[in-house]
């Protein structure tokens with residue numbers, strides 16, 4: 001029978017740390033846009049393969065290895081909540097969505113911050129079980145999951161259906177620490193998804209204004225930014241016009 005030494009008290013001894021947070025890389029989907037050039041059709045609800053775009057984009061984050069997945073809603077928020085099936089996602093309402101992408105990025109980062117109280121008005125709990133798994137949550141989970149700390153986030157846009165789980169996974173794999181900064185690149189040009197280590201969040205939020213999102217911050221930190229080539233596995237085209245939507249759904 002093995003004996004415990006005085007210097008090795010074992011995992012169940014008093015004072016042994018069993019609550020050290022496990023690192024988590026979240027997904028953040030910006031899906032609040034009102035589709036002004038699409039006649040005011042909310043981008044989250046644009047049709048693609050018989051389902052709203054927001055469902056495809058959220059699944060790409062989940063299947064790419066991100067958890068939890070937070071989805072920022074704005075235009076037609078209640079309709080999106082009613083029509084879209086987003087199991088396991090945390091839905092974040094952004095009442096200032098009309099100010100541009102920057103406001104949605106700020107709202108999403110705030111919802112992931114450990115300093116945001118669980119009853120904060122911007123964040124709502126998951127509505128359904130996740131895609132076949134139990135999402136992590138603050139503190140011990142309902143099924144004994146460990147406490148976690150979100151150490152980085154992969155940010156994606158709802159109107160880029162050509163960016164799938166493979167690109168998400170490739171960018172996610174660039175994570176090294178809370179100071180990591182990485183972005184997908186297409187033929188050498190920076191695009192989405194973008195990974196922000198948690199050490200960047202406050203400064204990113206400070207600079208996120210209008211429709212520029214994090215572009216200014218990324219430009220200022222280009223020396224620290226790792227570009228992850230996704231040219232052969234994804235297409236970064238946006239859905240901004242009726243012509244874009246027509247092509248997406250099989251038009252020539």
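Annotation for the range 156-182 versus the range 194-231: alpha-carbon center distance of 12 Å. Peptides 53-63, 30-40, 93-103 ranked from most to least packed by the mean count of surrounding Cβ atoms within 10 Å: 53-63, 30-40, 93-103.
When you count the other C-beta atoms within 10 angstrom of each residue and take the mean per peptide, 233-243, 165-175 line up highest first as 165-175, 233-243.
Take the Cα of residue 216, go 7 Å toward its beta carbon, and the backbone nitrogen atoms of the range 80-111 under 19 Å from that spot belong to 96-110. Summarised as an ellipsoid, the range 26-113 has semi-axes of 18, 17, 10 Å, derived from the eigenvalues of the Cα gyration tensor scaled by 5 and square-rooted, with the largest first. Note on residue 85 and residue 223: the model spin-label points, each 7 Å out from Cα along the C-beta direction, lie 5.0 nm apart.
Every read-out reported here was derived from the displayed coordinates using simple, explicitly stated rules and does not represent laboratory data. All values reported here derive from a predicted model rather than from experimental measurement. Note that we place each Cβ from the backbone using ideal geometry, even for glycine, and neighbour counts take in every protein chain shown.
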